[in-house]
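Peer 1: There's a structure below that I have some questions on.
Every read-out reported here was derived from the displayed coordinates using simple, explicitly stated rules and does not represent laboratory data. Please read these numbers as outputs of a predicted model, since none were measured by experiment. In this analysis, Cβ positions are derived from the backbone assuming ideal geometry, glycine residues included, and neighbour counts consider all displayed protein chains.
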Amino acid sequence: MSNEVRVKLEENERQRCEVWTRVMGYHRPVSAFNPGKQSEHAERTPFVERQQ
C-alpha cells in the first residue's frame, strides 16, 4: 500500500528547478556544465537500491 500523494500544478504555478550533482567530490549545478557534460549527465542511469 502506498501513501503517495499527487499534486497537480497549473502551468502558472510551476518554476524551474536547479539540479545539482556531485562531480569529483564536490557539488555543482548541472546548468554550469558545458554542453558536452550536460549531454553526458542526461545519459546517466540513476542508481536504485532494491529493498531487502
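Peer 1: Per q in 0.16 1/Å, what log10 I(q)/I(0) does a Debye calculation on the alpha-carbon atoms of the chain return?
Peer 2: Log10 of I(q)/I(0), two decimals: -0.80.
Peer 1: Now, a different point. Could you work out [θ]222 nm for the chain from helices alone, using -39500 (n - 2.57) per DSSP H run of at least four and dividing by all its residues? Round to the nearest 500 deg cm²/dmol.
Peer 2: -5000 deg cm²/dmol
Peer 1: Continuing with the same structure: Ordered by packing density, taken as the mean number of other Cβ atoms within 10 Å over each peptide's residues, highest first, how do 21-28, 7-14, 34-41 rank?
Peer 2: On the way: 21-28: 8.8, 7-14: 6.4, 34-41: 10.4.
Descending packing order for the listed peptides: 34-41, 21-28, 7-14.
Peer 1: Further question on the same structure: Residue-wise, which Karplus ³J(HN,Hα) couplings in Hz belong to the stretch 35-48, taking 6.51 cos²θ - 1.76 cosθ + 1.60, θ = phi - 60°, and x for glycine or proline?
Peer 2: With coefficients 6.51, -1.76 and 1.60, one gets x, x, 5, 4, 5, 4, 5, 5, 7, 5, 9, x, 7, 10 Hz.
Peer 1: With unit charges on the beta carbons (Lys and Arg positive, Asp and Glu negative) and the dipole taken about the Cα centre of the chain, which residue among 34, 24, 46 sits farthest to the positive side?
Peer 2: The residue sitting farthest along the positive end of the dipole is 24.
Peer 1: OK, next. Roughly how many nanometres apart are two label points built 7 Å out from the Cα toward the Cβ at residue 43 and residue 18?
Peer 2: Those two pseudo-labels are separated by 2.7 nm.
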